[in-house]
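The values are calculated or read from the model by the stated rules, or taken from the named source; none is laboratory data. What you see is a predicted model, and the numbers here were worked out from it, not measured in a lab. Glycine also receives a Cβ, built like all others from the backbone with ideal geometry; neighbour counts cover every protein chain displayed. Calculation scope for accessible area: heavy atoms of the full protein, side chains included, ligands and nucleic acids excluded. Shrake-Rupley method; radii C 1.70, N 1.55, O 1.52, S 1.80 Å.
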Amino acid sequence: MTATLQEAIAAVRRGETERAQLLTAEVIRENPDDANAWYLLSQLVDSDARRAAYLSKALALDPTHERARACLLYTSDAADE
């Protein structure tokens, strides 16, 4: 995990969502294959469609990413209701 992604997680914990989004986007620009960054970005958006897209990207990069899989199932179930 990069220092920038760790900083983004710290920003989330401080309630600084916009800063976390910017930092996570920076990580993805530098390393588009970072499944953890895509997962974190999915947790920082309001749109269910964007959340599902980012979770799908995380799973495409790392099929064993259990949190992404669980969140995608939850997001899909919520959309079906």
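Here's the yes/no breakdown for (1) closer than 14 Å to A68 by Cβ; (2) modelled with pLDDT under 95:
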site: T2; (1), (2): no, yes
site: A8; (1), (2): no, no
site: Q21; (1), (2): no, no
site: V27; (1), (2): no, no
site: P32; (1), (2): no, no
site: A35; (1), (2): yes, no
site: S47; (1), (2): no, yes
site: A53; (1), (2): yes, no
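Of the residues screened, L73 is not one that is hydrophobic (A, V, I, L, M, F, W, C) and outside any helix (DSSP H, G or I).
Taken residue by residue, the range 36-44 has at least one member that is hydrophobic (A, V, I, L, M, F, W, C) and part of a loop (DSSP other than H, G, I, E, B). Could you please let me know if E66 is farther than 17 Å from L5 by Cα, without any contact (Cβ under 8 Å) to a residue 24 or more places away in the chain and of a type in the set (D, E)? Yes: the conditions hold for E66. The residue list A8, A53 contains one member that is small (G, A, S), open to solvent by less than 30 Å² (accessible area, probe 1.4 Å) and either at negative phi or in contact with an Asp or Glu (Cβ under 7 Å, 6 or more places away or on another chain) (or both), which is A8. Take D33 and tell me if it is closer than 18 Å to T2 by Cβ and outside any helix (DSSP H, G or I). So D33 passes the test.
Within the range 16-43, residues that are within 23 Å of L73 (Cα to Cα) have Cβ atoms under 7 Å from residues that are outside any helix (DSSP H, G or I) and at pLDDT below 95 in these pairs: N36/M1, counting only partners at least 6 apart in sequence or on another chain.
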